[in-house]
Structure formats: C-alpha cells, structure tokens
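Peer 1: Below is the structure I would like to discuss, written out as structure tokens.
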Amino acid sequence: MITKFYQHVLALEFAINEINKNPKIVPNVTLGFHIYDSYYDMRTTYRAMLDLLCKLHRSVPNYECNAHKNLMAVIGGFNSEVSLHMADILSLYKIPQLTYGSFAPEVRDEKKIPSFYSMVPNEAHQNIGIIRLLLHFQWTWVGLFAVDDDSGEHFLKVLEPLLSQNGICLAFMQNIPNKHNWEDLYYASDRFLEIYLPLAESKANACIVYGDSMVLITLYIIIFFCNPNYKENASLRKVWIMTAQVDFALTGLQRAWDFQFFHGTISFTIHSDEPLGFQNFLQDIKPYQQQGNSFLKEFWEQAFDCFYPNPQETRDTSETCTGEERLKSLSWPVFEMSMTGHSYSIYNAVYAIVQAIHVLYSSRSSHRAMINGKIKERQDLWPWQTFCCYDCVPCPEMQTSSQKDMDDCIKCQSDQYPTKNQDGCLSKTISFLSFEEPLGISLASIAVSLAFITINVLGIFIKYKDTPIVKANNRSLTYILLIALLLCFLSSLLFLGKPEKVTCFLRQSVFSMIFSVAIPCVLAKTITVVVAFMATNPGSSMRKWVGKRLNISVVLSCFIIQACISVVWLTTTPPFPDFDTLSLAEHIIVQCNEGSVLMFCIVLGYMGLLSIMSLTVAFLARKLPDSFNEAKFITFSMLIFCSVWLSFVPTYMTTKGKYMVAVEIFSILVSSAGLLSCIFSPKCYIIMLRPELNRKEIKTKKDDIEKVQSEVEKQRSEHVHGLDSQRNYYETLLEKKKNDFEENIGEL
C-alpha cells in the first residue's frame, strides 16, 4: 500500500461529510460511498466494477440479474490503464466516470467512451510546458524515462518530435516497468542494467520521468541495485523533471529510504487548494473510531510501522499501535498533510457529481435560472464561490468546437479565425494600406501637398537664382536637394496600395537611395561653409577645395555607397509580396517581405550614419560668421530628422499590419518636411517678404565686424605709443579678410 495516496480516500470522505452536513445542497438525500483498490491489476479492477454494480455475488455484465445498487457515478482511476479497464464495464451501463489522472487526448476519446470525464487538463498542455522549460534553461541534451504501457508509449511518440522541432537532442529513451515482476533475478538484473547504463554514461543535461509514483520507486531501486554508491557518482547528477502524475511517495516498508538523490527536482503539479476544515479533519482521525473503513487499519500499520493488537499473537508492546499516533508526525513521502493536486481533483469531482444531483432534484425550484446557457446557482447553498470543471474551459486561441464539453478543439485553418463564442471558423479579411481608406487618403494627400510646396520652392529659387541669398548658398546643391526632397515625398506613394512584386522590389531601395542624395547635399552645404571660412586664413591650403569639386565628391560618394548596398540587396535577397496569417487574429496581412532583415538594417544604419555626420558638422559650424550661414538651420533640420528616425525603429517593430506601413510613410514625410521647412523657409521669407535684406553689402553681420574692430581697439590701447603702423596693419587685415570671405562665398 502506498500510504501517501491514502489522502485520496480521506479527501473523498471529507467532501462527502461536508455535503451531508449541509441540508440545503441536496435535501433529503444522504450520500454514501464505496472504495475499492485495483492493485494495478486488470482482473481485480473488473471484479471491483462488477461488485459495485450488482448486489449479488454472482455478476453478469450487461445483464440485469437483480436490483442494482444506487450507484450515481464512479471516481477513478489514477492512471489511464486502470481507468480504461473501469470504462469497459461502466460504459455499458452509461454510468459517469470522473477520473483525476491526466491522460492523452487519444485516451479521453468521447466517441469511444461518452461517459468519461476528466478533472484535470489533458497532457498536451504539459508537453508544451516541458518544451518551454527546456528552452528557457537551454537544456538541449535530455534523456527520457517513461512507464512501460500504452500511455508511456504515447508520451514518447508525442514528445520526441516536439523535442526535435525545437532543437532539443534526445540522449536516450527508456521504458520502466510499472509492475514488480522480478521473480527471475537474471532477467531483472539484465533489465536493470539496460535502464541504468544509458543514465550513467550519458552527459545529458536533464532527465524527464513520465509515469506514476511506482515508476519513480522502480527507478530508485534500479539506481540503488546497479550502484549502491550512487550518491557519490557525479555522472548521475542530473536535473530531474517529473510529470504531474509522478509523486514522491513511499510505502511504510520503505520509510528508511530518502529522496535526496532527487533533490532539486522540477515537478509539474496539478492545481490544488486547501478546503476549509481539511487540516482539522486529518488531525482528528483515529483508527479505532473509523467504523467500516477496512483500509484505515492497513494504512495505520504501514504508515506508523506498528501492529494492531491480536490476542492470538504475542508481540513486543513497543510495536503495538496505540491509536494516539498523529498523521502530522509522518514524513511527507509517507503522508502529506496539505491537500495534493490529485486529492483536490477528487474533492472537486465529488462536488461536480453533487451539483448534477442538485440540479436534478431542484429542476422545478425557484432558485434555478438559465443565463446564457449556464446554470446560475444561489452564493447561500454552495460552500464555494465558483465551480470550475476542466472539461468546460474555453477552447485555446485560434481553436473552436461546435459542441460543448468536448475533450479537444479543432484548430481553424491559417486563413480563418474562430467566432466570438469559439463555435465555428470565419474567413479572414485581406488587410493592407489602400488609397481608398481614410488613413491612406490622408497620407497620400499630405505627400502630394508637400511635393507641390517643394515644386513652388524650387521655382522661387530658379526665378531668383542671381540674388545674393541664392548664390551664397550654392545653387547647384540647393537644386539637387529640392529635387531629392520632391522625390522623397513622391516615393512614399509606393508604400500605399496592395503590395505587388514591382512595388515591393522598388520602394525600400528607391526611398533609401533618394535619402542618400538629400542628406549628403545637406552635409556638403555645411562642409562648404566651413571650408570657405577656413580658406580666408592667410596661406591656408583649404583654398584649393573651394568650389563645386568638393560638393560633387561628397554627394556622389555617399550615393554610390548606398547604391551598392541596394544592388547587393536586390540581387541576393530582394523583397517580395507576402501573406502574414499569424500576426492578427481576424486579418490576413498582405505585406512586403524585406527578404533580408540584415540588409534592411544596413540600409537604415547607413542613413543614420549620414544623418549623424551632418548633424555633427552643422552643430560645429553653427557660429561661423555670415548673414546667410545655413549651419544653424541645418542643425535644427537634422535634429528633427534624427529624432524622427530614432523614434521610427521601436515604433516600427511594435506595430503590425498596415499600421507598420503607415509608420514608415509618416517618418518619410515628417523627416523630409523638417529638412524643407528648416532650411528653405527662412530663405523664402527673405526672398519674398524682405527683399531689402537680399543684398551683397549686408552679407557680413555687423556684430562680426564690430568684434574684429574691438580687437583692433584693444590692441591699439595696449600699444598707445609708436604703434600707428601696427594699427594700419590690423585695419588692412580686417578689410582683406572681409573681402576674401565675401569673394569665396560668392564663388560657391
């Protein structure tokens, strides 16, 4: 007898007593129960079922030989083998069977056994949990031990492909016998070594054990038999992972054993709770007060290692059970005081049966109401707040069931999604950012409007090309920059509409190469201002760089690098139209698959590098003297540009569907508009509204001249006597520096 499992019996007794003490639950009905032990034997299980059904000692299956016992339902068994043997008999009489063990979906087939109900989830959830646990700790080299029966075979059959799909290697698989049939010592020793050697020789990170407590006890015996010094053997130190059915339990005869070898085991458990009063119920149990319970005597003797007094036998008084022993003094492998998951499942099974009886007896009473197809009972009749049976949980996401109380749900196809009630599948709708919807219309209108504004700005600069403000800021770069910005606004239209092969092929590469012209233009403008100012120093070697050659070199080199990156991308892994059926539950997203995420990141990264370079140079040149110096405006424009694209990356990664495309279009429009407004709006203001400022003689700021003059005055005050020649020198130098700077700016 496994003494720890006696708590299952006590949980049943506690639930029955709790219900019988409450006359409001099932009035005028007293519940009773019978308990049978299957002894893990098929013949004993069948005999027990027949004894439950018939009053006479003679039992004939499927034949009413006499009045039957008033049997409402049966709770059990603990494993799939016993449960199926029970179902062979109970299903003939349509008697409900509530099991508290976890079984594979194939075992819990409602079509084969319509009156078979489980109080715990099926093993499919546990298998996924095992895979996630192994992946989380990166245990990719594991061994498997499974009980040698149909359920163990099914477990290996299901788990092995799951391990392979997730990159977890299987070191070994071993079946462990679930019955102690070791009369043949030679056979037993060979079988032990066959199981032990893979464990000892393998370097697996973890070992998974599937079965019940007898499997764990057998494994412990095998390890001890093959290696009595197993505790000192480092090769046996593994991470042990136990499934929900495995429990660390010992019989009274094995109480000297310990489970230190399995210290630190990770075990899946069934949900449990502690009913009010259960602890007091356990503490009040005394063997002499329990009448009609034949199991209690055997349990007491094995648990406390004592014997009941027998007048015909003479024993040492120290071995006699006094009846004053208490369950809380037992170690947890022998008996556990807190309610285990299996005991809690039995407790819930009793209440599930009683609830059905209650509904049957009170079908015409006033406190029964139907709400949304579910029975609402009065929070004053039942001792719990809510009752839940695992068979009644909703289907998992993306799965449906056309009938209630089914064991398994049907997964919708990839182009379908479940209804709100998860009782059918609906076709998903195609989703992409089109020109017809409000968001698409808004973005397209903004892009066209900004393109029209850019054309007007370009027309203004062409019309006033001979004015000082246009000449001073390098007309060629200005025209190229405006054309690039115009194309940037128009390129955003490639992202609208249903993705096709051509648009997917072009849109990222076109957009990136256009920006790789616009940003270098801004960079070249800033470098020109810096070079022009440095060239004014006497004997400066920077004078040879003044001119169009520098501008062309900067723009062309930056563009060629981005063009090469795009060519490599488009020739190796080009973008293509793709259908995403997983990201959104009710929609199929038609999108452009970038082909290579790495190349897409390189393209964006190169744009980011050019932006940071432009921002840095513009920031350093922002205080250079000149009335038409663009460095300050370029600094603001690049701050906006960099801020937009830095915000783009996390936003793009966290959005899905057409909103991901909208984020990219928005980033293109805002960053381009920032360049257009910050760089060209001040110039357009002067050209159109303040033409008096657009003159060559006021190009140099007054404060810059006054700064140089103050320096002259300072030098003159320090050398009051005899320094007229030095004063003339500084005045001449000032005039020459002014003229050279204006001449260089004019040439550019």
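Peer 1: Looking at (1) surrounded by fewer than 19 Cβ atoms within 10 Å (Cβ to Cβ); (2) over 30 Å from residue 438 (Cβ atoms), find the lone condition where residue 497 falls short.
Peer 2: Exception for residue 497: condition (2).
Peer 1: Still on this structure, please answer the following. Could you give me the residue pairs with C-beta distances under 7 Å whose first residue belongs to the stretch 469-486 and is more than 17 Å from residue 554 (Cα to Cα) and at pLDDT below 90, whose second residue is among the hydrophobic types (A, V, I, L, M, F, W, C) and outside any helix (DSSP H, G or I) wherever it lies, and which are 6+ apart or on separate chains?
Peer 2: 469/628; 472/628
Peer 1: To continue, here is another question. Would it be correct to say that residue 674 is of a type outside the set (Phe, Trp, Tyr) and at positive phi?
Peer 2: Spelling it out, it is not the case that residue 674 is of a type outside the set (Phe, Trp, Tyr) and at positive phi.
Peer 1: While we're looking at this one, here's another question. Among the numbered criteria (1) in a loop (DSSP other than H, G, I, E, B); (2) outside the structural domain of residue 349 (by TED's automatic domain parsing); (3) modelled with pLDDT under 80, which single criterion is violated by residue 106?
Peer 2: If we test residue 106 against (1) in a loop (DSSP other than H, G, I, E, B); (2) outside the structural domain of residue 349 (by TED's automatic domain parsing); (3) modelled with pLDDT under 80, just (2) comes out false.
Peer 1: Do we have residue 639 as surrounded by fewer than 18 Cβ atoms within 10 Å (Cβ to Cβ) and at negative phi here?
Peer 2: So residue 639 fits the description; yes.
Peer 1: What helices (runs of 4 or more DSSP H), lying completely within the stretch 586-698, carry at least 3 residues that are closer than 26 Å to residue 571 by Cα, at pLDDT below 85 and in contact with a Cys (Cβ under 8 Å, 6 or more places away or on another chain)?
Peer 2: Here the list is empty.
Peer 1: Could you check residue 453 against (1) aliphatic (A, V, I, L, M); (2) free of Cβ contacts under 8 Å to residues at least 60 places away in the same chain; (3) surrounded by fewer than 21 Cβ atoms within 10 Å (Cβ to Cβ) and say which number it fails?
Peer 2: (2)
Peer 1: Which one is surrounded by the most Cβ atoms within 10 Å (Cβ to Cβ), of the residues in the stretch 569-602 that are more than 16 Å from residue 501 (Cα to Cα) and among the β-branched types (Val, Ile, Thr)?
Peer 2: The qualifying residue surrounded by the most Cβ atoms within 10 Å (Cβ to Cβ) is 588.
Peer 1: Filter the stretch 198-253 down to the residues that are of a type in the set (Ser, Thr, Tyr) and touching a Gly at 6+ places or on another chain (Cβ under 7 Å) and list them by number.
Peer 2: Those that are of a type in the set (Ser, Thr, Tyr) and touching a Gly at 6+ places or on another chain (Cβ under 7 Å): 202, 210.
Peer 1: Continuing with the same structure: Read through the list (1) at pLDDT below 85; (2) farther than 27 Å from residue 340 by Cα, then give the number of the only condition that residue 135 fails.
Peer 2: For residue 135, the failing item is (1).
Peer 1: Moving on. With 523, 450, 485, 477 as the choices, which residue is assigned by TED's automatic domain parsing to the domain that holds residue 607, more than 30 Å from residue 579 (Cβ to Cβ), in contact with a Lys or Arg (Cβ under 6 Å, 6 or more places away or on another chain) and not acidic (Asp, Glu)?
Peer 2: Details: 523 fails: in contact with a Lys or Arg (Cβ under 6 Å, 6 or more places away or on another chain); 450 fails: in contact with a Lys or Arg (Cβ under 6 Å, 6 or more places away or on another chain); 485 fails: in contact with a Lys or Arg (Cβ under 6 Å, 6 or more places away or on another chain).
Just a single option satisfies the conditions, and that option is 477.
Peer 1: Just checking, how many residues over the stretch 500-526 are surrounded by fewer than 23 Cβ atoms within 10 Å (Cβ to Cβ) and either touching a Phe, Trp or Tyr at 6+ places or on another chain (Cβ under 6 Å) or on the phi > 0 side of the Ramachandran plot (or both)?
Peer 2: Adding up the residues that qualify gives 3.
Peer 1: If you take the residues in the stretch 428-441 that are surrounded by 12 or more Cβ atoms within 10 Å (Cβ to Cβ) and without any contact (Cβ under 8 Å) to a residue 24 or more places away in the chain, which one is nearest to the chain's Cα centre (by Cα)?
Peer 2: 437
Peer 1: Could I ask something else about it? Residue 295 - would you say it is modelled with pLDDT under 85 and in the same structural domain as residue 348 (by TED's automatic domain parsing)?
Peer 2: Judged against the criteria, residue 295 is a match.
The values are calculated or read from the model by the stated rules, or taken from the named source; none is laboratory data. Worth saying up front: this structure is predicted, and the values here are computed from it rather than measured. Because the Cβ atoms are built from the backbone with ideal geometry, glycine has one as well, and the counts that use them run over all protein chains shown.
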